[in-house]
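Visitor: There's a structure below that I have some questions on.
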Amino acid sequence: MLLNKERALALMAEHDLTAIIGTTLENVTYLTGHVGWAQRVYRSLQSYAVMTNNPDAGTDLILTRSDNTYFAAYGGYPERIYSYGGIPGVIFPEDFEPANDEQKRFQELTESGGRHNTVLDALLAALKARGITRGRIALDDEGCPPSLFESLKKSLPGCEFIPGSNLFLMIRLVKMPEELDRLRAAAQVNEDAISAVFASLRPGMSENDVAEIWRENVARPGGMWHWFHFNSGPRSAYIFPPTERKLEKGDLFMFDAGLFFKNYNADTGSCGCIGEPPEKAQKEWKAIDTGFHEALKVIKEGCTGQQIFHALRDGIHEAGMPEFNSPFAGHTVGLEAREFPFILSDEAKYDRPFLPPTSEIPLPENATINIEAPGGTAGFGGYQIEYSVIVKKDGWERLIPQDRHFRVIEA
């Protein structure tokens, strides 16, 4: 199960909540295990998920009929499912007998969709079936229209509906074993694609040629790419999209690659040079690498984002690159490419529901973070080193094996 139910119930009790409603693709996946397509592609096709403060109850999935086939195929772990949107364009003969579980689930979801015309109809059916007619309910406001608040208030006047997106970020900060498995799978898709890039990299290729290799290898196992920043020569000082610029001997290059696989994200980066790097690049890379490993020394349960950032920045400065000025040292990663506390940097103050007053919260065990150190000089070139680690009680462990040395490509 992806859901950290114990943590969710504790936070619900702390904030006196009767129920929480997830509305974004990420939070619906988290509460129910559902991996669909419609909600990601069409904003008007919404799926929601409900969890109550009853420790013995499961979660409910309110499913757009456009994802009936995906749930039938992939499944999940909601206790109850309410499809909505009417009957789709499929005919079930009177003598139809499902040949397998997928057909059986699809038939049941199709029938459910016929009973609930709108997402509000299905959501109200789920809440009323759980006996929820009063209490405080945190509604994930990022994935629903403002009108939903008003409709729910009119339909359930005994309930107080409050914006709850930030609560989900706090719940999801600690990863469950199945989440870590999904993160590992996503990271491995990315790593395999990057290995294919390094195996093919050579002078004369364009930046777009390199991006094409990465994208093909991401797509082959079913991954979907968010971005592939690949820049060479003077462009490598910061993240730019790839172009038709051709790689030449002496070029520094860097990349930052992000994808998702079964709704979980992977993000990583590396760098190198076409041919032997100049002395300046060797010196600066050594400083970047030193600071990166100083940051890793800080990571353990209870450390904060600012502590990690200061260790990385100070380590790079002291190792011979005092002009390094990146504003962060990485970020959390999971169902979103960046989750709370978003980036590992100097302290930020918050005044928002369900968030602590400061970003300087002690990182819990099994939080998953990406440590990274991008940097460079305009007109010369730049560097990137990034991989994912799991926070542990007395240190950290790599999410998957990731080799991040400075790559020298034969020219």
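The values are calculated or read from the model by the stated rules, or taken from the named source; none is laboratory data. Being a predicted model, the structure only gives us computed values, none of them experimental. Using ideal geometry, Cβ is built from the backbone for each residue, glycine included, and neighbour counts are taken over all protein chains shown. Remember, those area values only see protein heavy atoms, side chains included, never the ligands or the DNA or RNA. Shrake-Rupley method; radii C 1.70, N 1.55, O 1.52, S 1.80 Å.
Visitor: What does the charge add up to near A72, with Lys and Arg as +1, Asp and Glu as -1, over the other residues with Cβ less than 13 Å from its Cβ?
Guide: Net charge around A72: -2.
Visitor: Carbon and sulfur atoms: what percent of the 1.4 Å accessible area of the range 337-391 do they account for?
Guide: 55 percent
Visitor: For the range 61-71, just list the computed ³J(HN,Hα) in residue order, Karplus coefficients 6.51, -1.76 and 1.60, θ = phi - 60°, integers in Hz, with x standing in for Gly and Pro.
Guide: 10, 9, 10, 4, 4, 5, 10, 4, 5, 5, 5
Visitor: If amide H atoms are built 1.01 Å from N in the plane of the peptide, which residues on other chains or at least 5 residues away come under 5 Å of the amide H of N366?
Guide: V391, K392
Visitor: Grab the DSSP H runs of the chain that are 4 residues or longer, score each as -39,500 (n - 2.57), total them, divide by all residues and round the 222 nm result to the nearest 500 deg cm²/dmol.
Guide: -11000 deg cm²/dmol
Visitor: Let me ask something else. How would you rank 350-362, 308-320, highest first, on the average number of other Cβ atoms within 10 Å across their residues?
Guide: 308-320, 350-362
Visitor: Still on this structure: Could you rank the peptides 27-40, 176-189 by their average count of other C-beta atoms within 10 Å per residue, with the highest value first?
Guide: Descending packing order for the listed peptides: 27-40, 176-189.
Visitor: Something else about it: Counting Lys +1, Arg +1, Asp -1, Glu -1, what net charge surrounds K104 among other residues with beta carbon under 14 Å of its beta carbon?
Guide: That sum, taken over residues with Cβ under 14 Å, equals -4.
Visitor: Rounded to the nearest 10 degrees, what's the angle between the helix 5-14 long axis and the longest principal axis of the chain, both from Cα atoms, 0 to 90?
Guide: 80 degrees
Visitor: May I pose another question? Nearest 5 is fine: what % of DSSP beta bridges in the range 48-138 come out antiparallel, could you say?
Guide: 40 percent
Visitor: Now a separate question. Once you put a point 7 Å from the Cα of E365 and another 7 Å from the Cα of W37, both along the Cβ direction, what distance in nm separates them?
Guide: Between E365 and W37, the simple spin-label model gives 4.1 nm.
Visitor: Which of (1) 21.9; (2) 20.1; (3) 23.9 is the computed mean projected area of the Cα convex hull in nm² for the structure on display?
Guide: Calculated mean projected area of the Cα convex hull in nm²: the matching label is (1).
Visitor: Indicate the gyration tensor shape class of the range 330-402 (rounded, prolate or oblate), computed on the Cα atoms with a ≥ b ≥ c the square roots of the eigenvalues: a/c under 1.5 is rounded; otherwise a/b larger than b/c is prolate and the rest oblate.
Guide: Oblate is the answer for the range 330-402, as a/c is 1.5 or above yet b/c matches or exceeds a/b.
Visitor: Can you list the HN-Hα couplings for the range 246-259, worked out from phi with the Karplus curve (6.51, -1.76, 1.60; θ = phi - 60°), rounded to whole Hz and with x for Gly and Pro?
Guide: Whole-Hz 3J(HN,Hα) from phi for the range 246-259: 8, 6, 10, 4, x, 6, 6, 9, 8, 9, 9, 10, x, 8.
Visitor: Within the accessible area of the range 241-292, what % is carbon and sulfur when the probe is 1.4 Å and the other protein chains stay in place?
Guide: Of the solvent-accessible surface of the range 241-292, carbon and sulfur hold 51 percent.
Visitor: In whole Hz, what ³J(HN,Hα) sequence does the range 262-267 give by Karplus (6.51, -1.76, 1.60; θ = phi - 60°), x for Gly and Pro?
Guide: Karplus values, whole Hz, x for Gly and Pro: 6, 6, 9, 9, 9, 8.
Visitor: Then there is this: Please calculate how many Å² of accessible area the range 338-390 carries per residue, with a 1.4 Å probe and no DNA, RNA or ligand atoms counted.
Guide: Numbers: 1870 Å² over 53 residues.
Per-residue value: 35 Å².
Visitor: When Lys and Arg each count +1 and Asp and Glu each count -1, what net charge do the other residues less than 11 Å away from Q306, Cβ to Cβ, add up to?
Guide: Result for the local shell: -2.
Visitor: On a 0 to 90° scale, report how tilted helix 177-200 is relative to the longest principal axis of the chain, with both axes built from alpha carbons and the result rounded to the nearest 10.
Guide: 40 degrees
Visitor: How tilted is helix 279-298 with respect to the longest principal axis of the chain? Cα atoms for both, answer in degrees (0 to 90, nearest 10).
Guide: With both axes taken from Cα atoms, the answer is about 40 degrees.
Visitor: Can you say what percent of the DSSP beta bridges in the chain, counting only those with both residues inside, are antiparallel? Round to 5.
Guide: Antiparallel bridges: around 75 percent, rounded to the nearest 5.
Visitor: For the range 141-224, rounded, prolate or oblate, judged on the Cα gyration tensor with a ≥ b ≥ c (square roots of eigenvalues), a/c < 1.5 rounded, else prolate if a/b > b/c?
Guide: It comes out prolate by the Cα gyration axes.
Visitor: Shifting gears a bit: When Rg is the radius of gyration of the Cα atoms in the range 1-136 and Rh is its Kirkwood radius, what does Rg/Rh come to?
Guide: Computed over Cα atoms, the ratio is 0.99.
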